[in-house]
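K.L.:
The structure that follows is given in the form of structure tokens.
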Amino acid sequence: SGDVPGTAKYIRAILGRKDTIDLSLIRRYLEFLKKYKRPRLAFAEARRFAAQLLAKGEADPAIELYEVAIGIERNSETIDRLFYALLRANKRKRAVEVGLLLRDYLGSDAELSVAVRVSKNISELDPKNPEVLELEGLIFMRQERNEEAIVCFDQALGRSEPEDARRS
């Protein structure tokens, strides 16, 4: 238990030799990493195994691991990957919820690029959602397209419920 890097390397080697990915073993491995204060490694491993599962067409376990990764560290790239995994699994409502998280990640050009791409998808999935319009307005503001941003914000306000939980 004292040699966390060595133990992690050993477990990774075991997981790498298996023909199938054992989700319960991965869960225990990630808990081990978090318990021994290795959240960055747990984050990276959760994403790595999620990508492997998704490549094998196993969307539901991949989604679970991307959710674990986001629970450790939330960033636009992982939100993006989770969003598209949810779409592959036809979990549209959860995909919209995840896509809307990008409103907090518009600082860099790379994050903005991800938000623009995801925003186009979620506006097709849930075009009447005022939060989707809010995200589009924030993107337009970030792009200094203020007139378009105002239109989006006005539409969002027109469609929002007075008791909208996010704003109370």
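K.L.:
Report the extension gain between SER160 and SER24 in nm, rounded to one decimal, defined as 0.36 nm multiplied by the number of residues separating them, less their alpha carbon distance.
P.N.:
Roughly 44.8 nm would be gained on extension.
K.L.:
Could you state the angle between the C-alpha long axis of helix 76-88 and the longest principal axis of the C-alpha atoms of the chain, as a value from 0 to 90 degrees rounded to the nearest 10?
P.N.:
Rounded to the nearest ten degrees, it is 90.
K.L.:
Per residue, what volume in Å³ does the convex hull of the Cα atoms of segment 35-128 enclose?
P.N.:
Roughly 97 Å³ of hull volume per residue.
K.L.:
Using the reciprocal of the averaged 1/r over all distinct C-alpha pairs, how large is the Kirkwood radius of segment 2-74 in Å?
P.N.:
12.2
K.L.:
Jot down the radius of gyration and Dmax of segment 93-133, Cα atoms only, both in angstrom.
P.N.:
9.6, 28
K.L.:
Another question, then. Report the equivalent ellipsoid semi-axes for the chain in whole Å, largest first, defined as the square roots of five times the eigenvalues of the gyration tensor built from alpha carbon atoms.
P.N.:
For the chain, the semi-axes come out at 37, 16, 13 Å.
K.L.:
What angle, in degrees between 0 and 90 and rounded to the nearest 10, separates the Cα long axis of helix 23-35 from the longest principal axis of the Cα atoms of the chain?
P.N.:
Between the helix axis and the principal axis of the chain, the angle is about 90 degrees.
K.L.:
Here's something else I'd like to know. Bins of 10 Å, beginning at zero and ending with the bin holding the largest distance: percent of Cα pairs per bin for segment 57-106, please.
P.N.:
Spelled out bin by bin, segment 57-106 gives 29, 59, 12, 0 percent.
K.L.:
Another one. Among the listed pairs LYS93/LYS128; LYS35/LYS93; LYS9/LYS34; LYS91/LYS128; LYS9/LYS35; LYS34/LYS56, which are separated by more than 24 Å between their Cα atoms?
P.N.:
Beyond 24 Å between Cα atoms: LYS35/LYS93; LYS34/LYS56.
K.L.:
Per residue, how much accessible area does the chain have with a 1.4 Å probe, in Å²?
P.N.:
Here the residues of the chain average 57 Å² of exposed surface.
K.L.:
Please give the contour-minus-distance gain from GLU73 to ALA89: 0.36 nm per residue of separation, less the Cα-Cα distance, rounded to one decimal in nm.
P.N.:
Going from the current span to full extension adds 3.5 nm.
K.L.:
For ARG117 and GLU97, calculate 0.36 nm times their separation in residues minus their Cα-Cα distance, and state this gained length in nm to one decimal.
P.N.:
Taking ARG117 through GLU97 to full extension adds about 5.7 nm, to one decimal.
K.L.:
Mind ranking ASP109, ASP80, ASP3 by accessible surface for me, highest first, 1.4 Å probe?
P.N.:
Largest to smallest exposure gives the sequence ASP109, ASP3, ASP80.
The values are calculated or read from the model by the stated rules, or taken from the named source; none is laboratory data. Not measured: the values here are computed from a predicted model. The protein model used for the area step is the full one, side chains on, heavy atoms only, and it has no ligands, DNA or RNA in it. Shrake-Rupley method; radii C 1.70, N 1.55, O 1.52, S 1.80 Å.
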